[in-house]
Amino acid sequence: MLTLSSEQRRQLRAQAHSLNPVVAIAQAGLSAAVLKEIEVCLKAHALIKVRVYNDDRAVREGYLQSICETLSAAPVQHIGKLLILWRPRPEPKVRAPKPVTKTRRRARQGSVKK
């Protein structure tokens, strides 16, 4: 699980203010499918909100800890039924440029411009 300084956490909370929840945890709880969807969203956005449809605060805290430990994310905030998570985006893979190959162009047969 990643740890954040209070300054980093404050900046991420400000950025997350305008975000809408992208994943919801409902009656089935924190299933493998939900974890996979959170993983996909973290890769795409780095900072996400997760809505938890459960009234028990202790259960929501457990979900937050479990998600952060499983996906190597940092908990930013737990406010009400919303969990805010952050994980840095992976470095993009640099691909080697394709080798340039010379091709022969064939002249068109039968068409001549005047």
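Taken together, the values in this text are just the output of simple stated rules run on the coordinates, not laboratory data. Owing to the predicted nature of the structure, the values given are computational and were not obtained by experimental measurement. Cβ atoms come from the backbone with ideal geometry, glycine included; neighbour counts cover every protein chain shown.
Tell me the label only: which of (i) 48, 17, 14; (ii) 19, 17, 14; (iii) 23, 17, 12 is semi-axes √(5λ) of the Cα gyration tensor in Å as calculated from this structure?
Evaluating semi-axes √(5λ) of the Cα gyration tensor in Å on these atoms matches (i).
Arranged by the count of other C-beta atoms within 10 angstrom, fewest first, what order do 63, 53 take?
Lowest to highest Cβ neighbour count: 53, 63.
Can you work out the PRE-style zone for residue 53? Point 7 Å along Cα to Cβ, and I want the residues of segment 12-31 with backbone N under 17 Å.
Once the point is set 7 Å along Cα→Cβ of residue 53, 21-31 turn out to lie under 17 Å by backbone N, inside segment 12-31.
Can you find, among 54, 92, 4, the residue farthest towards the positive end of the dipole of segment 1-99? Put +1 on the C-beta of Lys and Arg, -1 on that of Asp and Glu.
With unit charges placed on the Cβ atoms, the residue in question is 92.
Neighbouring Cβ atoms within 10 Å as the yardstick, rank 12, 19 fewest first. The partial results should precede the final answer.
Values: 12 19, 19 13.
The most exposed by this proxy come first: 19, 12.
Based only on other Cβ atoms within 10 Å, what is the fewest-to-most ordering of 2, 64?
Numbers: 2 14, 64 21.
Placing the least packed residue first, the sequence is 2, 64.
Counting other C-beta atoms within 10 Å, and keeping those with at most 16, which DSSP coil trypsin sites (Lys or Arg not before Pro) do you find in segment 1-98? Intermediate values should be presented prior to the final figure.
Values: sites: 9, 10, 13, 36, 43, 49, 51, 57, 60, 81, 93, 95; in loops: 81, 93, 95.
Loop-located and lightly packed - 81, 93, 95.
Roughly how many debye, to the nearest 20, is the charge dipole of segment 6-86 about its Cα centre, given +1 on each Lys and Arg Cβ, -1 on each Asp and Glu Cβ, and no other charges? Provide the component values of the computation, followed by the final result.
Details: 10 positive and 7 negative charges, 49 e Å.
With only Lys, Arg, Asp and Glu charged at Cβ, the dipole is about 240 debye.
Which one of 44, 73, 26 has its Cα pushed farthest toward the positive end of the charge dipole of the chain, where Lys and Arg give +1 and Asp and Glu give -1 at the Cβ?
Farthest towards the positive end: 44.
Expected output is a single nm value to one decimal: the length gained when fully extending between residue 45 and residue 94, i.e. 0.36 nm times separation in residues minus the C-alpha distance. What is it? Kindly include the intermediate steps, with their values, before the conclusion.
Numbers: separation 49, 0.36 × 49 = 17.64 nm, distance 1.98 nm.
The residue 45-residue 94 span can extend by a further 15.7 nm.
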